[in-house]
Amino acid sequence: MNGKPKKALIIGLDAPIAPRVYKYAKQGLLPTIKRLMEEGVYAENYLVPYPTVTPENWTTIATGANIGTHGIIGFQVYLPGEDLDKARSAFNTSLCKAEYIWDAAERVGKKSIIINWPCSYPATMKAGYQLGGSGLAMNEWRTEKVGKERLLYRADLTDGQLFTTEDLPFAIKITLKKASDWIGVDPSTSSLEAELKLNYTVCVKGGEDGERRSKVNSPERWFMLVQDTRGDGYDKVLLSKSKHVGEAFAALSPGEWSDAIIDEFQMEDGPERGAFKCKLLDLSKDGSRVRLLVTPICSLEGYSYPESLSAEIAKVNPLALPSHIIFDGFGWGWCDEKTFMELVDMEHEWFADAATYLMKKKEWTLLTMHMHSPDWMYHYAVSPEKMDPSAKAYEGPEKAKFYEKIELEVYKSIDKTIARILEAAGDNALTIIVSDHGAKPKINAFSPIEPLAKAGLLCLKQTPSGESIDFSKSKVIPVHGPWIYINLKGRYSHGTVDSEEYEEIQERTIKTLYDYTDPTTNKKPITLALKKEDARLLGLYGDRVGDVVYAVGDDYGGHHGQLPTAKYGIGSLRGLLIMAGPGLKKGYVLKRTIHATDIVPTVCHLTGLPIPKDAEGGIIYQALQDIQADTRRRIKTVKLERRPETPKETTFETFQVES
């Protein structure tokens, strides 16, 4: 395509295995992604930032800045001057020290749409449009809990739940009994009933900082009526808030979904509207077995900027489902493959509905959107180790085929979503499909606590909940992520190490890590351990990263402490990157190394948007349609003419100068 793109789409996929996506696309199984690869470029060596974790990597992509510059170091951020038990949630934009691309665009009067981009809440824009950004999925908030414990709060009014007569993990078991006192039921017919008590989760709702807590004032109670409508066995379920058939909000046959139901729920600080669906998964003719799935009850307000935008989107599609329960429930055996994919499609349909609505109804130049489903899939529903013959958890070729089918169906659902968004964007849009990291089998586990404790660098203590690190006696403290902090006096109230010992403790810690042999595998887990000052080569520096940074080998862990080049079996942590649109080559494979910091500068170069002021990456010139036109300065040819008085033997040459 020639010319300059008028708009840009950055569509983020969390944790896809890039080689598998490329393979499926080339086979024609993902037609939209295949078309983008054929009409644009895709990268074989896109190396995501280290650590290979969600918050820091999506922040790097959105800012073009290294982790050391933007300061988001993981799910938790440790601020200088605060003790290590006072970690902050990385999902609050006040912690990011770099400018986002949408803020750079706003400097020149361009508006952006942000949908579910992790660590983008509260909104930093003044004139754009934002949905979510406070967690990994819609209707999810990740923030701090008062005190030392860490807790995930979700903004959906209830999590998804399963009511069943069976014993299933995390399901709510119910008992059916003969129905009594129902209005509108013929007492001569055979009917059963059960009381359903919704299991509410603690919520975080509203407030500019996203930290105001709220929970349901009293548990919601529903009644289930199981009916035999044809005289040949139980075949229908009614759901109602009272024992009144006329007030039932759903009537379901086995295998049937309800419509989206919007209702009001009493919260501590007032009524709150929520939306949900139900599906009757199973009902035996004799009434001995029933299984009713209720999706998360999704908040309809409080997750957008401007504040009124979420209510506006709810009129288009009220089911902004958080994906965690979809994949958790499938892994727990709550539902079959068909229902699982119906839930996946519901989540992705909301993304497509929200994006296409905003693109058609609002003024915009840049759209950034994130879908977390591949990551949840690989963590909970289709673990790579279940498909990998080299892994201990491998369940055989037939099971592997089943899991691979699920994997492909999830990618197909994503592919359809991207197709709808591209259609709404129009022909002259730049499209970037990008990931924060990949996924791979979890083979072995490693924790630095054991080797550090054996070396006398760390002390443990007994607590009511088990062993924990004794901050008052430890010289080093490992925390979430590949970070080990030296417990310096003056830096922490629990400090134990004098500043004169700092370098010695650094060196001892690194030696301890390298010397450690895993007794279960007889292997050395550590592939890299660096002093903080040496970690700059990984883009890690500043007062938030650990004093020692380490990485484990490819056969350890999943995607938290492994280098971006890690691969094992069917898995790879290299990122997925596809770019298509005006100004880009067609059908070109990028062999060069690409970094996440390069994406925003390339988007800005192609669209004419200003580069964020803290961006540190470079333009991916090899992807451009005319490299020379973009890398050279405009030049003009100058020819000196000889004047009459000039001696004939004088030589004059044609040469070029910058114009």
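The values are calculated or read from the model by the stated rules, or taken from the named source; none is laboratory data. Just so we're clear, the structure is a prediction, and the values are computed from it rather than from any experiment. Cβ coordinates were reconstructed from backbone atoms using ideal geometry, including for glycine residues, and neighbour counts include every protein chain displayed. What goes into the accessible areas is simple: the full protein's heavy atoms, side chains included, and nothing from ligands, DNA or RNA. Shrake-Rupley method; radii C 1.70, N 1.55, O 1.52, S 1.80 Å.
What to note about this one:
- Taken one residue at a time, the phi angles of segment 507-520 give Karplus couplings (6.51, -1.76, 1.60, θ = phi - 60°) of 5, 5, 5, 5, 4, 4, 5, 5, 6, 5, 10, 5, x, 7 Hz. Gly and Pro are set to x.
- A quarter of the convex hull surface defined by the alpha-carbon atoms of the chain gives 38.8 nm² as the mean projection.
- Residues in segment 75-140 average 28 Å² of solvent-accessible surface per residue, probe 1.4 Å, ligands and nucleic acids excluded.
- Each of ASP534 and SER465 was given a label point 7 Å from its Cα along the Cα-to-Cβ line. The distance between the two points is 3.5 nm.
- Carbon and sulfur %, accessible surface of the chain computed with the full protein complex present, 1.4 Å: 48 percent
- Charge sum, other residues only, whose C-beta stays under 14 Å from PRO118's C-beta, Lys/Arg counted +1 and Asp/Glu -1: -4
- Length-normalised contact order for segment 528-607 - Cα pairs under 8 Å, 6+ apart - percent: 16 percent
- Computed from Cα positions, the angle between helix 54-63 and the longest principal axis of the chain comes to roughly 40 degrees.
- At full extension, SER242 and LYS6 could sit 79.4 nm farther apart than now, given 0.36 nm per residue minus the alpha carbon distance.
- Separation between Cα centres of segment 346-398 and segment 543-568, rounded to whole Å: 23 Å
- Taking a sphere under 9 Å around the Cβ of PRO49 and counting the other residues whose Cβ falls inside, with K and R at +1 and D and E at -1, yields a net charge of -2.
- Per-residue SASA entry for LYS241, accessible area with 1.4 Å probe, Å² rounded to 10: 80 Å²
- Against the chain, whose longest principal axis is taken from its Cα atoms, helix 397-425 shows a tilt of about 70°.
- Listed residues TYR556, TYR305 arranged by accessible area, highest first, probe 1.4 Å: TYR305, TYR556
- Net charge over other residues, Cβ less than 9 angstrom from the Cβ of VAL290 (K, R count +1; D, E count -1): 0
- Ranking of HIS559, HIS595 by solvent-accessible surface, largest first: HIS595, HIS559 (1.4 Å probe, protein heavy atoms only, all chains present).
- Between 0 and 90°, nearest 10: helix 337-361 axis offset from the chain longest Cα axis: 60 degrees
- Cα→Cβ-extended label distance, 7 Å offset, between ASP626 and PHE170, nm: 5.5 nm
- Separation of the LYS586 and GLU264 label points, Cα + 7 Å toward Cβ, nm: 5.8 nm
- Loop-resident trypsin sites (Lys or Arg not before Pro) (DSSP state other than H, G, I, E or B) in segment 572-613 with no more than 16 further Cβ atoms inside 10 Å of their Cβ: LYS586, LYS591, ARG592, LYS613.
- Taking the Cα centre of the chain as origin and assigning +1 to Lys and Arg Cβ atoms and -1 to Asp and Glu Cβ atoms, the resulting dipole is close to 1620 debye.
- Helical runs assigned H by DSSP (4 residues or longer) give the chain a calculated mean residue ellipticity at 222 nm of -6500 deg cm²/dmol, each run adding -39500 (n - 2.57) before division by the residue total.
- Additional length obtainable on full extension of the chain from LYS524 to ASP181, 0.36 nm per residue less Cα span: 116.7 nm
- Dipole magnitude for segment 1-84: about 680 debye, using +1 per Lys or Arg Cβ and -1 per Asp or Glu Cβ, origin at the Cα centre.
- Per-residue SASA entry for SER94, accessible area with 1.4 Å probe, Å² rounded to 10: 90 Å²
- For ARG221, the solvent-accessible surface computed with a 1.4 Å probe is close to 110 Å², ligands and nucleic acids excluded.
- A cut-off of 5 Å between modelled amide H atoms, ignoring neighbours fewer than 5 places along the same chain, links PHE265 with GLU272, ARG273, GLY274.
- Remark: the ASP336-PHE402 segment gains 22.6 nm on full extension, using 0.36 nm per residue and subtracting the alpha carbon distance.
- Residues whose amide H falls under 5 Å from that of LYS236, counting only those 5 or more places apart or on a different chain, are GLN227, THR229, with hydrogens built in the peptide plane.
- FRET efficiency, ALA311 to SER94 (Cβ-Cβ, R0 22 Å, nearest 0.05): 0.30
- Cut-off 19 Å, label 7 Å out along Cα→Cβ of LYS360, residues of segment 301-345 by amide N: 309-320
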